[in-house]
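Here the structure comes first, spelled out in structure tokens, and everything after it is commentary.
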Amino acid sequence: MADPSSYRPKPGQIPDSPGVYRFRDEHRRVIYVGKAKSLRQRLANYFQDVASLHPRTATMVTTAASVEWTVVSTEVEALQLEYSWIKEYDPRFNVKYRDDKSYPSLAVTMNEQYPRVQVMRGPKKKGVRYFGPYGHAWAIRETVDLMLRVFPVRTCSAGVFKRSAQIGRPCLLGYIGKCSAPCVGRVTPEEHRELAEDFCDFMAGRTGTYLSRLEQRMQEAAEEMEYEKAARLRDDIGALRRAMEKNAVVLADATDADLIAVAEDELEAAVQIFHVRGGRVRGQRGWVTDKVEAVDTAGLVEHALQQLYGEEKGEAVPKEVLVPALPEDTPALSQWLAERRGAQVSLRVPQRGDKKSLMETVHRNAQQSLALHKTKRASDLTTRSRALEEIAEALELDSAPLRIECFDISHLQGDDVVASMVVFEDGLARKSEYRRFQIKSFEGQDDVRSMHEVVSRRFRRYLQEKLKTGEWSPEEGEDPLAEDDGRPKRFAYPPQLVVVDGGQPQVAAAKRALEELGVDDVAVCGLAKRLEEVWLPGEDDPVVLPRTSEGLYLLQRVRDEAHRFAIQYQRSKRGKRLKSGPLDEVPGLGESRKQALLKHFGSVKKLRQATIDQICEVPGIGRKTAETLAAALAGAVPAGPAVNTATGEIIEDETPAHAGTSFERGTGQ
């Protein structure tokens, strides 16, 4: 790897003006392209101490061997040149979106003498009008089938068209009225082109005017008693309305907008776009990308805009583009989009109303797309096998870790401290083996001590199941087999690898817990979230897996799952604590009976003042439950002297009742 200082430009050599820069490797290949308002300020950021750079940026500058730049006059020119160079050089460290599927579009070949309506995939061609893209080709064909009744445009291939012209007979569509049959001269080229243009106008969202014109013609035909013509026009209107119903109405009729949403994690991002024309969703598409450069949501949006509109002109660029975050160079991007459209383009973040609600829908689609992409990768057996082999090689394990357990700690400023344990077997999640813990040995915030406690409890249970000798006795007051549901759980299967969410301190704590228990056949590592580094016990430097490593992807997925499971448990505990009341402390009192008590007495205060006989009047409350309830509200046990069972009165105590703290048992004691 090269030292960035070896090719750093001399002070004052870099101009303080807008421009585009390129990093090249030792073979003169362009590996990164970027733009800047000030080349001097931007490039200076790359030549800081490598340790202070983002790891992806550090990898790029150490891979590069030279840097060069081109000065431009405006930020818009910089944006255009950056897009052109990324397309030309395909740099390895730039974000490049790839379609997660080849979306079909409805195309009208206006560049031909007799325009043709067809389904097209792949790169766009000059002179062809495109609509969509659509999720499925059959959706396009259903729409076209309805619209050909009103706009009988040619749909046949060049071979079929030529054959029909030679024999002087149209194809079947010509006979049933779904083609104007220009092949045999039923319409002139000009008339057929006019039909194609009307078809395009209708697909572009200009539906209201055309439907009004048809309705007027239908009424005129009816007044002139041309009932067959009126009936045909009525059926045409119905066909067009059915075609319109296939696209949901989401915004006002005159709204033309593209909505772009981004779902991302540390390594990948998914982009979803909804194309709204005439207030209806006319198309949808999505991309997935690897985050090979240090980029935030705004940067991802900028790259998406470049790829989405870089080859578009005219009405293909909508009046309004709605995004989740505004890029840094919003004015330049807006001007660039306006130049491509030939009119003003609004680039903004929706704040309220229908557009914000629709943006939330687009974002959910992006999240599902990212999850589906990850599932497909995870379900690939070859990929999973390679990931396990890469982990074994990187951590110098004797064999692939077929069972991986990951631990994570979660709390809210030291309150409700919990932990999670997730299990992956053969690279796939085993949710039935997941466990969750409450931290019991201390209170407050200490992730290192918490990690030590959790790993100790998990492997103490493993040794109990394995040895059955009583050597691993439970802690004082702790029943190792008791669980929330009253059934014993087993930790009988040891992992080959323990992963902790954290760096050196957490890894050292987990390793110390294993050594204290005498467990020496389980490997330990940690995955630090900020830099995605793998830490090993006793090592001063982390193991850095390659960016394209499937092993790194699997470790990250395991870590993220543990994080999700821990946060879910912590939030549920916090919610229960915030909602808890005196009745929650009464054993055997369910939600229905609590509601019945509150409905009968009106408040807990009045319930506390009631006698046992009065409590028994509530449907579903027996005397034993009433005694237990009265004792609990009085702050004493049922058999204690705080309740006079002869009279049913609660005896007031001089001293305040002890407010004990309840501890919910975790499922991984």
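The values are calculated or read from the model by the stated rules, or taken from the named source; none is laboratory data. A quick note: this is a predicted structure, and the numbers were derived from the prediction, not measured. With ideal geometry, Cβ positions are generated from the backbone for all residues, glycine too; neighbour counts draw on all protein chains shown. Accessible surface areas use protein heavy atoms only, side chains included; no ligands, DNA or RNA. Shrake-Rupley method; radii C 1.70, N 1.55, O 1.52, S 1.80 Å.
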Listed by first then second residue, the pairs whose first member lies in the stretch 549-565 and is closer than 19 Å to F407 by Cβ, whose partner is outside any helix (DSSP H, G or I) and of a type in the set (S, T, Y), with beta carbons under 7 Å and at least 6 positions apart or on separate chains, are A562/S420; F565/S420; F565/Y434
L326 fails exactly one of (1) assigned to a loop (DSSP other than H, G, I, E, B); (2) under 21 Å from H373 (Cβ atoms); (3) out of contact with any Gly (no Cβ under 9 Å at 6 or more places or on another chain), namely (2)
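Tally up the residues in the stretch 309-323 that are more than 20 Å from the chain's Cα centre (by Cα) and open to solvent by less than 30 Å² (accessible area, probe 1.4 Å), please. Before the answer, list the steps.
First, pick out the residues of the stretch 309-323 that are more than 20 Å from the chain's Cα centre (by Cα): 309-321.
From what is left, the residues that are open to solvent by less than 30 Å² (accessible area, probe 1.4 Å) are 309-310, 312, 314, 317-318, 320-321.
Number of matching residues: 8.
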Among (1) buried (at least 20 other Cβ atoms within 10 Å of the Cβ); (2) within 28 Å of V288 (Cα to Cα); (3) at pLDDT 80 or above; (4) not aromatic (F, W, Y), M120 falls short only on (1)
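So how many residues does the stretch 466-517 have that are modelled with pLDDT of 50 or more and in contact with a Lys or Arg (Cβ under 6 Å, 6 or more places away or on another chain)? Steps first, please.
The initial filter retains those residues of the stretch 466-517 that are modelled with pLDDT of 50 or more, namely 466-468, 490-517.
With the extra rule that they be in contact with a Lys or Arg (Cβ under 6 Å, 6 or more places away or on another chain), the set shrinks to 491, 495-496, 501.
Looking only at that region, the number is 4.
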Restricted to the stretch 147-167 and to residues being open to solvent by less than 30 Å² (accessible area, probe 1.4 Å) and not polar (S, T, N, Q), the residue farthest from R116 (Cα to Cα) is V150
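Taking only the stretch 404-428 into account, find how many residues are more than 23 Å from S450 (Cβ to Cβ) and either out of contact with any helix residue (DSSP H, G or I) (no Cβ under 6 Å at 6 or more places or on another chain) or open to solvent by 40 Å² or more (accessible area, probe 1.4 Å) (or both). Working first, answer last.
From the stretch 404-428, those more than 23 Å from S450 (Cβ to Cβ) are 425-428; that's our starting set.
Adding the requirement that they be either out of contact with any helix residue (DSSP H, G or I) (no Cβ under 6 Å at 6 or more places or on another chain) or open to solvent by 40 Å² or more (accessible area, probe 1.4 Å) (or both) leaves 425-426, 428.
The total comes to 3.
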Filter the stretch 335-394 for residues that are over 18 Å from the mean Cα position of the chain (by Cα) and of a type in the set (D, E); the one that is nearest to L305 (Cα to Cα) is E339
Checked pairs for the stretch 492-509, first within 12 Å of P537 (Cβ to Cβ), second open to solvent by less than 10 Å² (accessible area, probe 1.4 Å) and assigned to a loop (DSSP other than H, G, I, E, B), C-beta under 7 Å and 6 or more apart or across chains, list as V498/V522
L326 passes all but one of the listed conditions (1) open to solvent by 50 Å² or more (accessible area, probe 1.4 Å); (2) farther than 26 Å from V128 by Cα; (3) in contact (Cβ under 8 Å) with a residue 24 or more places away in the chain; (4) in contact with a Pro (Cβ under 9 Å, 6 or more places away or on another chain); the exception is number (4)
By residue number, the members of the stretch 283-297 that are at pLDDT 80 or above and surrounded by fewer than 19 Cβ atoms within 10 Å (Cβ to Cβ) are D296, T297
(request) Inspect all residues belonging to the stretch 283-293 and state whether any of them is part of a strand (DSSP E or B) and over 21 Å from the mean Cα position of the chain (by Cα). (result) no
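With the stretch 1-109 as the region, which strands (runs of 3 or more DSSP E) entirely inside it contain at least 2 residues that are in contact with a helix residue (DSSP H, G or I) (Cβ under 8 Å, 6 or more places away or on another chain) and open to solvent by less than 20 Å² (accessible area, probe 1.4 Å)?
Numbers: elements: 19-24, 30-36, 66-71, 105-108.
Per the criteria, 19-24, 30-36, 105-108.
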For the structure I just gave you, tell me whether A566 is open to solvent by less than 60 Å² (accessible area, probe 1.4 Å) and more than 22 Å from P55 (Cβ to Cβ).
yes
Flagged in the stretch 329-385 as β-branched (V, I, T), in a helix (DSSP H, G or I) and either open to solvent by 30 Å² or more (accessible area, probe 1.4 Å) or free of Cβ contacts under 8 Å to residues at least 12 places away in the same chain (or both), in numbering order, are T361, T375, T382
Residue hits (the stretch 525-535; out of contact with any Leu (no Cβ under 7 Å at 6 or more places or on another chain) and at pLDDT 85 or above) are G526, W535
Selection from the stretch 185-196 of residues open to solvent by 50 Å² or more (accessible area, probe 1.4 Å) and without any contact (Cβ under 8 Å) to a residue 60 or more places away in the chain yields G185, R186, T188, E190, E191, E194
Given (1) buried (at least 16 other Cβ atoms within 10 Å of the Cβ); (2) at pLDDT 80 or above; (3) not in a loop (DSSP other than H, G, I, E, B), V618 misses just (3)
